[in-house]
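Working notes for the structure below.
The values are calculated or read from the model by the stated rules, or taken from the named source; none is laboratory data. Quick caveat, the model's predicted, so the values are computed rather than measured. Here the Cβ is made from the backbone with ideal geometry for all residues, glycine too, and neighbour counts use every protein chain on show.
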Amino acid sequence: MLRDTAVALTAAGIDNARFEARLLLSHAACASTDEMISRGRDPAPSAIVETVRALTARRVRREPMAYILGEREFWGLPFKVSPAVLVPRPDSETVIETALRLLPDRARAWRVLDLGLGSGCLLLTLLKEFPNARGVGLDASADALAVAGDNARALGVAERATLLHGDWRVPGWADALGGPFDLVVTNPPYIEAATIDGLMPEVARHEPRLALDGGADGLAAYRLIAAAGPRLVTAGGHLLAEGGEGQAADIAGIFAAAGLRPLAPVKDLAGIERVIPAVH
Ligand SMILES: C[S@@+](CC[C@H](N)C(=O)[O-])C[C@H]1O[C@@H](n2cnc3c(N)ncnc32)[C@H](O)[C@@H]1O
């Protein structure tokens, strides 16, 4: 089964096919990869064979592994994911690192806002790291909010998190959030609309368009968020935005034009300027 699955994944253009095949098999069998090795010669029950076939067919259609397994780790925490939410990326951990550096007092009752909540990976991780903080998360997708709500409960931070349905394209959107906040984080959609179909199939075909599409130049969401920035961020508070490769200078310019003071961009592990901080 391992060999056949790896062959099918390789034929679908997937790198690391044998590693992924192992993950699919252990997920189907509800067994660790170590158990799979030690029991590798046992005959597989037909139910497991069928499950492996079904999971392999999904991966061959290039559905992201995280949607198939239903979970992705972020900042060492398990996050439930579904096709309603962007799969949390390691690059986004740079937002958390930057927040912890700029707000060194972990015990303060910070007020935190996350614009474009998705799975909740940014807001809920911050609520874990700041045990007295309270947070608000906004998303235009009701299905994403349901996933984030499940994650808030599973991580034990639900009482400190308010999750709101809203859309920053609608005038007056920021009024309902109950600001201002000490820290506003956002990882908005930032892909140029015309380039989305050329991305890898896992992203282009399976991740939500609403989580990807940043308009013609990729910067539409930053303009709308920055315009509300001075009202949403306390005096001396911070706005931290994740951006795509090559966008940092433009995003900093948008923040400055809105009356915020941009700080030096923070690079991710690949050396890409990933987080654009600004102070109010
Ligand atoms: C790139 S995803 C980021 C999700 C999560 N914060 C993360 O880092 O993995 C952007 C999120 O913004 C939400 N979104 C997109 N446009 C929006 C809008 N106009 N108003 C509110 N939320 C929006 C999407 O539904 C999506 O969940």
Ala109 passes all but one of (1) in a helix (DSSP H, G or I); (2) among the small types (Gly, Ala, Ser); (3) in contact with a Lys or Arg (Cβ under 9 Å, 6 or more places away or on another chain); which number fails? (1)
Can you list residue pairs whose Cβ atoms sit under 7 Å apart, with the first residue in segment 205-233 being among the basic types (Lys, Arg) and the second being buried (at least 16 other Cβ atoms within 10 Å of the Cβ)? Count only pairs 6 or more apart in sequence or on different chains. Arg205/Arg62; Arg223/Ile254; Arg231/Ala174; Arg231/Gly179; Arg231/Pro180
Which residue out of Val157, Val136, Val87 is touching a Gly at 6+ places or on another chain (Cβ under 7 Å) and assigned by TED's automatic domain parsing to the domain that holds Ala248? Val136
Please give the number of the condition Tyr190 fails out of (1) under 16 Å from Gly118 (Cβ atoms); (2) free of Cβ contacts under 8 Å to residues at least 12 places away in the same chain. (2)
Which of the strands (runs of 3 or more DSSP E) contained wholly in segment 128-237 include at least 1 residues that are surrounded by fewer than 17 Cβ atoms within 10 Å (Cβ to Cβ) and within 15 Å of the ligand (Cβ to nearest atom)? 161-165
Flagged pairs (Cβ under 9 angstrom, 6 or more apart or on separate chains; first in segment 32-60, β-branched (Val, Ile, Thr); second assigned to a helix (DSSP H, G or I) and surrounded by fewer than 12 Cβ atoms within 10 Å (Cβ to Cβ)) are Val60/Ala11
